[in-house]
Amino acid sequence: MSTAQAPAPASLSSAQLPSGWPLWVRQVLTVVRIDLRKTLLGRRSLLIYAIASLPIVVMLFTVLVKRPGGEALFANLADARRAFAMIFQTLILRGIIFFGCVAFFSNLFRGEVLDRSLHYYLLSPLRRPVLVIAKFVSGLTITWVLFMGTTVISFLLIYPPFGVSRAIEDLFNGPGGGQMLAYAGLAMLACIGYGSVFMILGLWFKNPVVPAAAVFGWEALHFLLPPMLKRISVIHYLKGMIPIPMSEGPFAVVTDPPPVFLSIVGLLIFSVAVLTIAGLVIQRFEIKYADD
Amino acid sequence: MKAATTQTIQLENVSKFYGEVLGVNRVDLDIEPGITSIVGPNGSGKTTLMNLLAGLIRPTQGRLRILGLEPSQPEDLFRLVGYCTQFDSFPRGMTGRQFISSFLSLHGYAPADVKRMTEESLERVGMTEAANRRIAGYSKGMRQRIKLGQALAHDPQVLVLDEPLNGLDPMARAEIIGLFREQAERGLHVLISSHILHEVDMISDRVILISHGYIVAEGEIQGVREEVQERPMQIMVRCSEPRRLARAILARDSVTEIQLHKDGAGIHLRTRDSSGFFDRLAELVVEEGLELESMGPADDNMQAVYRYLVADDSSGSGDIEFSDDSMADRADSGDGGDTLGEED
């Protein structure tokens, strides 16, 4: 210890510190940095990377596997794009992104409570609604990097059997480029929609797994829901933007999906509303770790 | 309550209930700069009081102001307040340096200032060498010091320290206490909670005694003593024949209680009229032909005052640490000695 010799801190006065937006931006960036370091650089991150790369492994499998005659698995690019559409809607969207958002967003606050570290933020000059936004941005940064990345890489893996020139042609002059951007956009919007839902579930519930399972059931049975109830689901707004929709089977209640513009605006408004509620919830949040 | 000023920490009729469980009840305090210690056994409401001040929990009723600011104003409040919590937990994976620098970044300091202030703070709590190690690998004392470093890093005007000396070795305690004194001399509020009473004796300008959620006394140590003057004073008398002395005293004096010391070489007694007792004791010793070895009040320090006030509530709880040997003896004596008489 060297307390006696250490100089008194020559700190800046409060007047010299930023306030308003410059302060909030700096605080959001700090929270994001802390969460990125914690989530993506720790030992636990290996499991996250393994799960996020599952679609890439599946697509690699489709590249490497040949038909008995030595031909590629997909006869043409259209077949390959249809196969990717199926993988995206089943494995990526309803599997990896959904459960990834459950894991990341529900733990943004619940994880801090379980680690007994939420007070670190609440004892700083950080407005609680700003903390909600910062945590949401953290979750989005992580999930976008992982899931948009895995979506784009998986999509690009449809091209190797057809060669570089076909790939460039399809991406820049054919439907490939547009579809790839659409899938990336869908992954981005799915993270926003599911992320906001699971973040507030993590604030409301000590164990968000049960309500997350209920949301999963609701989303999975979406195709059976009457038109009014379909609107209360994230997948309803995403479906209208999927480049190659899948058949939902003979029992599906078929409705026209909303226009793309309405889907995007609707999801964003929904997420802002949920974040506003989360901001109100965190205002009344008390640190009583023993109860949690 | 004193008139409101912006230089004090004020609590007006503050209560906190956890459901039906009382945290603190109807607390009125006006705390001025200097070192103020909140003393009470575990579960008495010390941490509740500190968490209320920091806004980590909200009062069920009442109002709190720290230098004129309410806990619901974190942007302004935490520029003035540094809080070293009792929670021995940290954001996962952080090093000591990151723990302080990230906290300063949340304050909005520019990167160059964050770097400078982090190093200054690490140096003040003697953690520079271990700063790049993960906190998860720190000893209890190191974790305590890095928390103190965080609380001090932004040079706050109010330091709220919940059991800050826990886990520190004697040398580190002495140095940290020196640090508190240095802060208090600079005109800061240093609010310390502790159940280690002899430490409070040493460092406090004033004390707040809390028991079962109620403030039972507050003020400067002498003032607190006067506040309980109507309570019987405890006196220790050492002599060759303590049982005979005890019988003689009981026969002639208005003591409220007498106990034999466990070593058999003295008595503890309580009286409401201490000066009169000392006068009469001299006469009694001469009359009885007793040999007196020593006599004197046994409650000149904070521990004794505290025991007067809350010992009945906390006896046997085992959560008050007596590290002064003589007081430990007295405590043992009080608990285990033979009670010869009670008039109260």
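Bear in mind that the values in this text are calculations on the coordinates, not laboratory data. Computed from a predicted model, the values in this text were never measured in an experiment. Cβ: placed from backbone, ideal geometry, glycine included. Neighbour counts: every protein chain shown.
Quick rundown of the values:
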{"quantity": "FRET efficiency, 1/(1 + (r/R0)^6) with R0 35 Å, evaluated for residue B:110 and residue A:60 via beta carbons", "calculated": "0.15"}
{"quantity": "Rounded to the nearest 20 debye, dipole of the stretch B:9-227 from Cβ charges on Lys, Arg, Asp, Glu", "calculated": "900"}
{"quantity": "Centroid-to-centroid separation of the stretch A:182-251 and the stretch B:109-186 [C-alpha atoms, Å]", "calculated": "47"}
{"quantity": "Helix A:77-87 axis, angle to chain A major axis (alpha carbon atoms, nearest 10°)", "calculated": "40"}
{"quantity": "Rotationally averaged projected area of the protein assembly as shown (alpha carbon convex hull; nm²)", "calculated": "38.0"}
{"quantity": "Two-site label geometry, residue A:247 and residue B:30: point separation in nm, points 7 Å out along Cα→Cβ", "calculated": "8.2"}
{"quantity": "Options A:186, A:97, A:68, ranked by Cα towards positive dipole end of chain A, top entry (Cβ charges)", "calculated": "A:97"}
{"quantity": "For A:97, B:208, A:264, order by how many other beta-carbon atoms lie within 10 Å, fewest first", "calculated": "A:264, B:208, A:97"}
{"quantity": "Restraint check, B:16/B:147; A:206/A:288; B:46/B:147; A:288/B:16, Cα-Cα greater than 22 Å", "calculated": "B:16/B:147"}
{"quantity": "FRET E, pair residue A:73, residue A:218, Förster distance 51 Å, beta-carbon r, rounded to 0.05", "calculated": "0.90"}
{"quantity": "Cβ-Cβ FRET estimate between residue B:76 and residue B:205, R0 fixed at 25 Å, reported to 0.05", "calculated": "0.45"}
{"quantity": "Mean separation of Cα contacts under 8 Å, 6 or more apart, over the residue count of the stretch B:9-227: relative contact order %", "calculated": "30"}
{"quantity": "Inter-chain Cβ neighbour average for residues A:181-189, partner chain, 10 Å", "calculated": "0"}
{"quantity": "Set of lysines near residue A:38 by C-alpha distance (under 17 Å), chain-local residues within fewer than 8 positions excluded", "calculated": "A:135"}
{"quantity": "Centre separation in Å (Cα based) which lies between the stretch B:25-104 and the stretch B:229-286", "calculated": "45"}
{"quantity": "Alpha-carbon centroids, the stretch A:47-104 and the stretch A:109-123: separation in whole Å", "calculated": "36"}
{"quantity": "Added length on full extension, which subtracts the Cα-Cα distance from 0.36 nm per residue, residue A:47 to residue A:144", "calculated": "33.2 nm"}
{"quantity": "Distance in nm between pseudo-label sites at residue A:21 and residue B:263 (7 Å out along the Cβ direction from Cα)", "calculated": "7.5"}
{"quantity": "Ranked packing of A:219-232, A:148-161, most packed first, by mean Cβ within 10 Å", "calculated": "A:148-161, A:219-232"}
{"quantity": "Mean Cα-pair separation over length for chain A, i.e. relative contact order, pairs under 8 Å, 6 or more apart, %", "calculated": "24"}
{"quantity": "Which of B:36, B:128 has the fewest Cβ neighbours within 10 Å, and the rest in rising order", "calculated": "B:128, B:36"}
{"quantity": "Cβ-placed point charges (K, R +1; D, E -1), dipole of chain A about Cα centre in debye, nearest 20", "calculated": "480"}
